[in-house]
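To keep things clear, I will list the structure first and then write my remarks on it.
Read-outs throughout are calculated quantities, based only on the coordinates presented, and are distinct from any laboratory measurement. Just so we're clear, the structure is a prediction, and the values are computed from it rather than from any experiment. Cβ coordinates were reconstructed from backbone atoms using ideal geometry, including for glycine residues, and neighbour counts include every protein chain displayed.
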Amino acid sequence: MAVTTLGCKVNQFESAAFLSGFAARGFTVVPFSQAADLYVINTCAVTARAGAQSRQLIRRALKANPRARLVVTGCYAQVASAEILELVAQPLCLVGNACKHRLVEVALADSRCDLEMYLGDLAGAREVCPLTVTAFAGRTRSYLKVQDGCNQFCTYCIVPYSRGRSRSVPPERVLEQARLFVEQGFREMVLTGIHLGHYGLDLSPALSLLDLVALLLAQDHPVRYRLSSLEPTEITPALLARIAEAPALMPHLHIPLQSGDNRILAAMHRRYTRQQFAEIIHACAAAVPGLAIGVDVLVGFPGEDEAAFRSTYTLLKELPVSYLHVFPYSRRPGTIAAGMPDQIPGMVKDERVALLRALDQQKRQAFYASHLGEVCRVLAEAGKGGKTLRGFTEHYVPVIFAAPATLANTVAEVRLDRLTDDGVAGTLVESR
């Protein structure tokens, strides 16, 4: 059998849970490019391109083995089941996001109908479907899913419709999954969710993300923790203080901006202004020295004229951010923005994306250079040739250094010596 995954860290966690379930039943996993008796495709719908990639993978699986059982799940299966049905004449199974905990059972069922649909009542879902990962193959760090769904309804985003309302994994389940990851030997966990900052608000009694972080840190596991994306308005002085004081919580935040123009932010239904965003970024940098700050930017939203783009560019150039993730706006059917006037031509978007990606490289190089000469703790990963390892520092600086392969998946102390094209070259000082 073969599994392939598009999209976010939440999807990656869920696919690892599928693989864990299939492995427990004795199945052998082969690369998706090979012929298999069973294919599972965990799709994404966040952009029109992601939908196209999902359709392409479905066609590829059917071409590799037309007789195979095909299971399609994820956000594209949730919101575009009719489009998938138009692609295929063979039997297939659609499993929605609310039913992913049943995917292995459904995939291995004896019955084989012309069509099986398990989309579930996503709109009415009030709990995160239970998924457990017992093996996260091929990774040094694991993704720890703690939340699903989103209540924000930004005008460009299909996710509230494909993932449902915000729901939190109960803390006892989070702690148990973390324990399993520790037993598997992972040295770093990334807390992830669709809207991570809303963790715990739906629980009874209500909790916060900071409460969950405190529970994890209290376990005293020999691991490092990172937080995935957080909305700017959810970054509090208390959270920054915890990052500054807790060695196991990495000094690294990823914060979506999307636009630096107030008119475009309002059209996106984002809940802050450029001025508020700037204040938050400066507060982060002041509270945690050396903090890595990544920023998401969405380029070419409908109505983004040259002045609006320049507002975004100028803001990002002036702020103490470490790197940018730059995405061109993709017109996603089913979203409010897809029907907005003043859609931006592709060539204009491409030009603006190129300018911001050039700024991203400047920001990265300046941030990496600011850490040269420091001895940092790097979670070592296997490199090329067995004599070179790579990894990330606490501050998310990518480092390559000479060391024996036996040091992979250990935390090594590495002196950062010089810049490279895509990171830093360092020298091993000590490993643990």
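Of note:
- Long-range amide H partners of residue 301 with built H, under 5 Å: 329
- Distance distribution note for the range 186-317: the fraction of Cα pairs above 17 angstrom is 61%.
- Shape category assigned to the range 252-370 from the gyration tensor of Cα positions, a/c cut at 1.5: prolate
- Cα gyration tensor shape for the range 134-215, rounded if a/c is under 1.5, else prolate or oblate: oblate
- Counting other Cβ atoms within 10 Å as a rough exposure proxy, the listed residues 208, 15 run 208, 15 from fewest neighbours to most.
- Residue-by-residue Karplus 3J(HN,Hα) for the range 209-221, coefficients 6.51, -1.76, 1.60, Hz, glycine and proline x: 4, 5, 4, 5, 4, 4, 5, 5, 4, 5, 6, 6, 6
- Backbone geometry of the range 44-61 corresponds, through the Karplus equation with coefficients 6.51, -1.76 and 1.60 at θ = phi - 60°, to 3J(HN,Hα) couplings of 10, 9, 5, 9, 4, 5, 4, x, 5, 5, 4, 4, 4, 5, 4, 4, 5, 5 Hz, x marking Gly and Pro.
- Cα-based shape type of the range 92-235, given that a ≥ b ≥ c are square roots of the gyration tensor eigenvalues and the cut on a/c is 1.5: oblate
- Alpha-carbon radius of gyration plus Dmax, which is the widest Cα pair, for the range 1-98 in Å: 12.4, 36
- All C-alpha pair distances within the range 375-431, sorted into 10 Å bins from zero, spread as 30, 62, 9 percent across the bins.
- Ordering of 315-327, 340-352 by burial proxy (mean other Cβ atoms within 10 Å per residue, highest first): 315-327, 340-352
- For residue 172, the shell of other residues with beta-carbons less than 15 Å away shows a net charge of 0, using +1 for Lys and Arg and -1 for Asp and Glu.
- Built amide H within the under 5 Å cut-off of residue 420, gap 5+: 425
- Per-residue Cβ neighbour rank within 10 angstrom, fewest leading, 356, 85, 175: 85, 175, 356
- For the chain, the percent of C-alpha pairs falling in each 20 Å distance bin, counted from 0 to the bin holding the largest distance, reads 24, 57, 19, 0.
- Per the Debye calculation on the range 204-268 with a single equal scatterer at every Cα and no solvent contribution, log₁₀ I(q)/I(0) for q = 0.15, 0.21, 0.29 Å⁻¹ amounts to -0.58, -0.91, -1.37.
- The separation of the range 142-182 from the range 267-296, counted between C-alpha centres, amounts to 23 Å.
- The range 1-33-the range 238-266 distance, computed between alpha-carbon centres (Å): 31
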